[in-house]
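Throughout, read-outs are computed from the coordinates displayed, never taken from laboratory work. Here the structure is a predicted model, which is why all the values come from computation and not from measurement. Virtual Cβ from ideal backbone geometry, glycine too; neighbours counted across all protein chains shown.
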Number of protein chains: 2
Amino acid sequence: MGRWQPNARGRLAQAALELYAERGFEQTTVAEIAKRAGLTERTFFRHYADKREVLFAGGAVLEDLFVRAVTDAPDSAAPIDAVAAALETTGTVLLDREFSRQRQAIIDANAELRERELIKLSSLASALTGALRGRGVPDLAASLAAEAGIAVFKVAFVRWIGEGEQKDLPQLIRESLDGLKAVTTGS
Amino acid sequence: MGRWQPNARGRLAQAALELYAERGFEQTTVAEIAKRAGLTERTFFRHYADKREVLFAGGAVLEDLFVRAVTDAPDSAAPIDAVAAALETTGTVLLDREFSRQRQAIIDANAELRERELIKLSSLASALTGALRGRGVPDLAASLAAEAGIAVFKVAFVRWIGEGEQKDLPQLIRESLDGLKAVTTGS
DNA sequence: CGACCGATGTCAGCCGCTGTCATCACAATA
DNA sequence: TATTGTGATGACAGCGGCTGACATCGGTCG
């Protein structure tokens, strides 16, 4: 056995999630998180850049998946459809609804966390833009398709999280995309 | 004459802008800002909720203008066009290009400031969504039109700020909107 | 004149976050 | 086996953002 308990990073994430859910993000100190994980405050900051990041660290993997899905979309797909398809397929694989609900409740309850969420989405939009340009899509169209795709995802995600919602995320994404097309066409 | 110099809030904003531009956001302490303004750190926080907010305090006025423009758009205007028109007209009135460039350079150089900018845009999107619902637009369409409008604005603003750009902001907004329509239609 | 008010100053203190150095099990290598 | 890293963690000091509490003192109102 090693000198330390294994998976320090995971224990920190678990402890942070519990405490954020129990008493709220602001009311939780990093020292408390570390203590529950059997570590020190200093060690928390060796694993996570700041107190918020522990809730968003998984996002990098997600971004990779999205980008790969866009890159791998058939050449025939229009930009916005390549993006939507990527959102659909990745969304299918990754998301656990109950976990998402709890996590989102924590985020929605705190402005700092909402800020961090937005910059992650913005980073995702940039990555998607880059992937589209790699497909030969011109800059302006790439940016707009990526931003529009994110907008579609956000709207669909909110509905998916909502109580009483029966449909699955990919279906909601499709519906949301259709809604966007209707909105932008009908003028 | 009063006991204190007038316009403490304005002096703080001025001092903050100067220091952020001179040596960067992170390298500036609130105490330094306050000192340049002839005040104390504590007083800074009485005027601005945090160190970042001094760069975004004007946004509330802007949001009001946007919302009013949407509300006042002719009934015949489709949602996305009402939003675009609001962005155009308000954008015309308010923005000084050189000031915007300097402010944006400060923001772009710092992740925390980018986060704050994003949440302000998000707040604007919510306000626009509300204004659209007030026009009788259904929820889904209202959200999507607002988000899409913001995306259009972001893309246009970046181009407007860019060096060598000749066109004015309203024109770029129109072009950006046309680009979005092309992207979402062509599939 | 006296009571109140509102903007600011002063001070103490919490907490997020960082730099620095020490510690010590384990691995690699001689 | 003895030596020498190495890497994850602990311990500690310190900065800076931010807040609460109380004091100060011109101006205003009755």
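Mind running the shape call on the range A:70-131? Use the C-alpha gyration tensor, a ≥ b ≥ c as the square roots of the eigenvalues: rounded below 1.5 for a/c, prolate if a/b tops b/c, oblate otherwise. Note, shape of the range A:70-131 comes out oblate. Translational diffusion of the protein assembly as shown was estimated from the Stokes-Einstein equation, with Rh taken as the Kirkwood radius over Cα pairs; at 20 °C and 1.002 mPa s the coefficient is 95 µm²/s.
Between B:E165 and B:A77, the distance separating the two model label sites (each 7 Å from Cα on the Cα→Cβ line) works out to 2.1 nm. Which of these, A:R23, A:R36, A:R103, has the largest mean-square fluctuation under a Gaussian network model of chain A (Cα springs below 10 Å)? The residue that fluctuates most here is A:R23. Between 0 and 90 degrees, the angle of helix B:79-94 with respect to the longest Cα principal axis of chain B falls at about 30 degrees. Relative protection proxy for A:134-140, B:132-138, from highest mean packing down: B:132-138, A:134-140 (other beta-carbon atoms within 10 angstrom).
Distances, shortest first, from the label point of A:G136 to those at the same position in the other copies read 4.6 nm; the point lies 7 Å along Cα to C-beta. Can you give the longest stretch of chain A with no exposed loop site, where a site means GluC sites (Glu not before Pro) in a DSSP loop (not H, G, I, E or B) with at most 15 other C-beta atoms within 10 Å? For GluC sites (Glu not before Pro) (loop position, at most 15 other Cβ atoms within 10 Å), the longest site-free span of chain A is A:27-162. Computed from the alpha carbon atoms alone, the convex hull of the range A:8-53 holds 56 Å³ per residue. Averaged over the residues of peptide A:78-89, the number of Cβ atoms from other protein chains lying within 10 Å of each residue's Cβ is 2. Between the Cα long axis of helix A:97-108 and the first principal axis of chain A there is an angle of about 80°, rounded to the nearest 10.
Among A:I150, A:G162, A:G136, whose Cα projects farthest towards the positive end of the dipole of the range A:134-187, with charges put on the beta-carbon of Lys, Arg (+1) and Asp, Glu (-1)? The residue sitting farthest along the positive end of the dipole is A:G136. Simple point charges give the picture: +1 on the Cβ of Lys and Arg, -1 on the Cβ of Asp and Glu, and for chain A a dipole about the Cα centre of about 660 debye. Principal axis extents of the Cα atoms in chain A, from largest to smallest and rounded to whole angstrom, are 58, 36, 28.
Label-point spacing for A:D50 across the identical copies (point 7 Å from Cα in the Cβ direction), in nm and ascending order: 0.7. Could you pull out which residues in the range A:90-107 have an amide N less than 17 Å from a spot 7 Å beyond the Cα of A:E18, following the Cα-Cβ vector? In the range A:90-107, the label zone of A:E18 (backbone N under 17 Å from the point 7 Å along Cα→Cβ) covers A:103.
Counting each DSSP H run of 4 or more residues in chain A as -39500 (n - 2.57), what helix-only mean residue ellipticity at 222 nm follows after dividing by all residues, to the nearest 500 deg cm²/dmol? Write down the numbers at each step before the final one.
Working: 9 runs with 136 residues, N = 187.
Value at 222 nm, helices only: -24000 deg cm²/dmol.
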